[in-house]
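The structure appears right after this line, and notes come after that.
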Amino acid sequence: MIKKEVTENGLVADLFTDDSIQPKKAIIILGGSEGGKSWSRIRRPIELLVQRGYSVLSLAYFKSLNLPDSLEDIPLEYFEKAFDWLSTLAGIVPDEYAILGGSKGSEAALLLGSRYPQVKIVIAFSPSSVIWQGIPAKRFELGKDPKSSWSFQGESLPFIPYPSPIKKWELVFLRLKKMHEDALQNKVGVKGATIQVEHIQGAIMLISGERDRLWPATRMGEQIMNRLKTKGFDNPYEHIVFNSGHNGIVMNKDSWRKIFDFLKEYYA
């Protein structure tokens, strides 16, 4: 496996591939609120994806070199730069990308898939059905001056704010499920912030843990499934639920077996 550090076109990423000359389909992987190129530290899944003939772009979008310190108003155009850059590489199939995201990265993955036709498959660990309030650089300032997580063409995208006051112990121990559940009671906010997943132009796989204490991923995954069904979505989609927590599903071997099978069937 070959690793190339990417700093072109304003991107911060690692590209993992092999030395064969056959053009490969690319999988863009996005981490969560930890920031940086977090997936680059979890090498085994990347190695297995490369062995299966994919190139993998571990993409940072905040908290890294020359990128924002906070997960607030991250421009979708930044991810579009990644699509454009990949399309210039001789060894990559252009304009047909998979996005695999975890937690906030899953929110980004589903949102990007709903807006960009280059995205042909979305795999979301601990998915979100809505756009949430952004996360400031200092965690304990979460309740001050809320901003959206994402922006487009210079405008913040509609988001659900967290209810206040936010309890400090919840932030310390990242026991934020109830905070998110309470925020989902905001029906007006939910309507405006719901990700229009029915516009994704390819297959969707959601993986959640029913013991998730960070946010109600299983509930939000079911909301996504119901929306796809109601909207008559005609691409394959499924939601797999494990008896696991927020981060446990990422290291679950059964999760990856399902992912490899899904990619083989819908992104070969």
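Taken together, the values in this text are just the output of simple stated rules run on the coordinates, not laboratory data. Here the structure is a predicted model, which is why all the values come from computation and not from measurement. With ideal geometry, Cβ positions are generated from the backbone for all residues, glycine too; neighbour counts draw on all protein chains shown.
Quick notes on this structure:
- Largest mean-square fluctuation among Ala108, Ala124, Ala137, in a Gaussian network model of the chain whose springs join Cα atoms under 10 Å apart, belongs to Ala137.
- Between the Cα long axis of helix 104-115 and the first principal axis of the chain there is an angle of about 70°, rounded to the nearest 10.
- Residues Arg257 and Asn66, FRET efficiency given R0 of 25 Å [Cβ-Cβ distance, rounded to 0.05]: 0.10
- More than 16 angstrom apart: percent of Cα pairs within segment 218-268: 52
- Under 23 Å from Lys168, Cα to Cα: lysines that are on another chain or at least 8 residues apart: Lys63, Lys104, Lys138, Lys144, Lys147, Lys177, Lys178
- Once backbone amide H atoms are built at 1.01 Å from N, Ile74 has Trp150, Ser151 as its partners under 5 Å, excluding neighbours fewer than 5 places away on the same chain.
- Listed values for segment 191-196 are Karplus-derived 3J(HN,Hα) couplings in whole Hz (6.51 cos²θ - 1.76 cosθ + 1.60, θ = phi - 60°), namely 4, x, 9, 5, 6, 7, and x replaces Gly and Pro.
- In segment 178-265, the convex hull through the Cα atoms has an average projected area of 6.2 nm², a quarter of its surface area.
- Helix axis angle, 253-266 relative to the chain longest principal axis, alpha carbon, degrees: 60
- With Cα atoms, 0 to 90° folded angle of helix 217-230 axis to the chain main axis: 70
- Working note: Cα gyration tensor of segment 110-218, eigenvalues times five, square-rooted, sorted largest first, giving semi-axes of 25, 17, 12 Å.
- By the compact-protein rule of thumb, 2.2 N^0.38 Å, the alpha-carbon radius of gyration of segment 1-55 corresponds to a ratio of 1.14.
- The 3J(HN,Hα) values that the Karplus relation (6.51, -1.76, 1.60; θ = phi - 60°) gives for segment 6-16 are, in residue order, 10, 10, 6, 6, x, 8, 10, 6, 10, 9, 10 Hz. Gly and Pro appear as x.
- Radius of gyration and maximum dimension Dmax of segment 1-114, Cα, Å: 13.1, 39
- Separation between Cα centres of segment 1-21 and segment 35-72, rounded to whole Å: 10
- In this simple spin-label approximation, Gln153 and Arg219 carry label points 7 Å from Cα along the Cα→Cβ vector, and these lie 3.4 nm apart.
- Candidate lysines for bridging to Lys264, where Cα separation is under 16 Å - those fewer than 8 sequence places away on the same chain excluded: Lys24, Lys25, Lys120
- Estimated at 0.36 nm per residue, the fully extended path between Arg43 and Met1 surpasses their Cα-Cα distance by 14.1 nm.
- Shown is the FRET efficiency for Gln51 and Leu174, computed with R0 = 45 Å from the Cβ-Cβ distance and rounded to the nearest 0.05: 0.85.
- Cα extents for segment 2-266 along the principal axes, largest to smallest and rounded to whole angstrom: 55, 39, 32.
- Nitroxide proxy distance, nm - points 7 Å out along Cα→Cβ at Gln201 and Glu34: 3.3
- Extension gain, Phe140 back to Ser114 (0.36 nm per residue minus Cα-Cα distance, nm): 6.2 nm
- Restricting attention to the chain, close to 35% of DSSP beta bridges with both partner residues there are antiparallel.
- For Lys25, the residues whose modelled amide H falls within less than 5 Å of its own, excluding neighbours fewer than 5 places apart on the same chain, are Ser55, Val93.
- Less than 5 angstrom separates the built amide H of Phe242 from those of Ser208, Gly209, Glu210, all sequence-distant by 5 or more or on a different chain.
- Full extension of the chain between Asp84 and Asn243 yields a length gain of 53.4 nm, computed as 0.36 nm times the residue separation minus the alpha carbon distance.
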